[in-house]
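For reference, the structure discussed in these notes is given below.
We did not get these values from a lab; they are worked out from the coordinates using the rules stated. Here the structure is a predicted model, which means the values were calculated and not measured. Note that we place each Cβ from the backbone using ideal geometry, even for glycine, and neighbour counts take in every protein chain shown.
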Amino acid sequence: KILLKEFADNDTVVKRFNQEALAASRLTHPNTIKVFDFGQTDDGVLFMAMELLRGESLAHAISRGGPMPPKRVVHIMRQCCKSLAEAHKAGIIHRDLKPDNIFLVDIEGERDFAKVLDFGVAKLKEFEGKEGTLTQAGMIFGAPKYISPEQARSGSLDARSDVYALGIIIYEMLMGKPPFSADNPLSIL
């Protein structure tokens, strides 16, 4: 459950929250986190109720175990691709894929069942142009290590930006570290 009291008075934040919660709630793929409900309480608190997951983030699995065997990488990434395929078909671009937003659970004996999380900065294509964008020009959303070059330049995004992030994640899973690193986020960009 996410509660956002300090932003509930900002109309832009409330609109963004509602549009992105709506987008996430429409996704039904088993490898995507389920959103059960969202809204705003009578006292102005924004909330989102999602399924409870028990397991670990992909980031934790990488830091704990180092480079992963290719077979495990393929197993996890295949599931992530299925989740994103549904999102992309619905016009949703995640824009913040990173190992922290992929969660690994064991479901009925199946190890490494992947769940894609946090469509919180997702861009819902159907709202573009209709209500105007809620993202300020020049703003960059996402973790610098995983964002695509066009996203770093605040350019127009499509599903390929998520595919780029998946490529970076695959590299990190296989090598135990991301391909690009620097002393500060701007240098990575």
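At-a-glance table
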quantity	calculated
Inter-site label distance for LYS71 and GLU110 at 7 Å from Cα along Cβ, in nm	1.8
Counting all C-alpha pairs of region 25-120, share separated by more than 19 Å (%)	44
Zone residues, region 88-102, relative to VAL163, backbone N less than 17 Å from point 7 Å out along Cα-to-Cβ	88-97
Stokes-Einstein translational diffusion, region 64-116 - Kirkwood Rh over all Cα pairs, 1.306 mPa s, 10 °C, in µm²/s	131
